[in-house]
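So that we are looking at the same thing, I have put the structure below in structure tokens.
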Amino acid sequence: MREAFYAGAVPPRIGKLLEDAMGAYADTARAEELLQQARREAPQALPVYFSLYKFYFYKGRLAEAEQAARSALAAAAAQGGFPETYETLTPDTTDWTRHDSPQHFYLFSLKALAFIRLRQGDSEGCERLLGKLRELDSADTVGGSVIGALAAGL
């Protein structure tokens, strides 16, 4: 296993696929193919989901970015042993303060989803997500306040 990008260790082959996708970013079809291959080969690897939703977001493919972020939430919740539906979560659901955990990745992906919803023009959906993020991450360890400031400025 090796560290790759964000959210933990991945097998060397998956790390290589992610690196190759990053190198092929200008060739959208090739980069997407590599990312999807990584997802097929390592469906529980959180860095793959991170790479997918970032890729789709920066390509302006917001619906696909949202789908990838929601898949990231589901994978992180499954690994962390808590419900994936953010509305049901509370500060007591799990230890949200562990930075090297699926819980932290869940919070980060919740922030990403809020940003995606903001870019889609859904300020109410963004605010619901940010409200939950403030509740779960009161220390703002994933920087949800940055998205909140952007939303307030719009």
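Of the conditions (1) outside the structural domain of Leu110 (by TED's automatic domain parsing); (2) part of a helix (DSSP H, G or I); (3) at pLDDT 95 or above, Gly15 satisfies every one except a single condition; which number is it?
(3)
Oh, and also: May I ask you to list the residues in the stretch 18-32 that are assigned to a helix (DSSP H, G or I) and not aliphatic (A, V, I, L, M)?
If the condition is that a residue be assigned to a helix (DSSP H, G or I) and not aliphatic (A, V, I, L, M), then Glu19, Asp20, Gly23, Thr28, Arg30, Glu32 are the ones that fit.
Same structure again: Would you confirm whether or not the stretch 63-77 contains a residue that is touching a residue at least 24 places away in the same chain (Cβ under 8 Å) and outside any helix (DSSP H, G or I)?
No: the stretch 63-77 contains no residue that is touching a residue at least 24 places away in the same chain (Cβ under 8 Å) and outside any helix (DSSP H, G or I).
What are the pairs with Cβ atoms under 6 angstrom where one residue, in the stretch 105-132, is assigned by TED's automatic domain parsing to the domain that holds Ala78 and the other, located anywhere, is crowded, with 20+ Cβ neighbours inside 10 Å and outside any helix (DSSP H, G or I)? Sequence gap at least six, or different chains.
Phe105/Ala7; Leu107/Asp137; Leu107/Val142; Phe108/Val142; Lys111/Val142
With the checklist (1) part of a helix (DSSP H, G or I); (2) modelled with pLDDT of 95 or more in hand, flag the one item Gly148 doesn't pass.
It fails just one condition, (2).
Considering only residues that are closer than 13 Å to Tyr86 by Cβ and outside any loop (DSSP other than H, G, I, E, B), which ones fall in the stretch 128-145?
Arg128, Leu129, Leu130, Gly131, Lys132, Leu133, Arg134, Glu135, Leu136, Gly144
Next up: Residue by residue through the stretch 133-154, note down the ones that are surrounded by 13 or more Cβ atoms within 10 Å (Cβ to Cβ) and without any contact (Cβ under 8 Å) to a residue 40 or more places away in the chain.
Passing the criteria: Leu133, Arg134, Asp140, Val142, Gly143, Gly144, Ser145, Ile147, Gly148, Leu150, Ala151.
Of these, Arg128, Arg119, Arg134, which one is charged (D, E, K, R), out of contact with any Lys or Arg (no Cβ under 7 Å at 6 or more places or on another chain) and closer than 30 Å to Glu33 by Cβ?
Arg119
The values are calculated or read from the model by the stated rules, or taken from the named source; none is laboratory data. What you are looking at is a predicted structure, and each value in this text was computed from that prediction instead of being measured. As a convention, Cβ positions derive from the backbone with ideal geometry for all residues, glycine included, and neighbour counts pool all protein chains shown.
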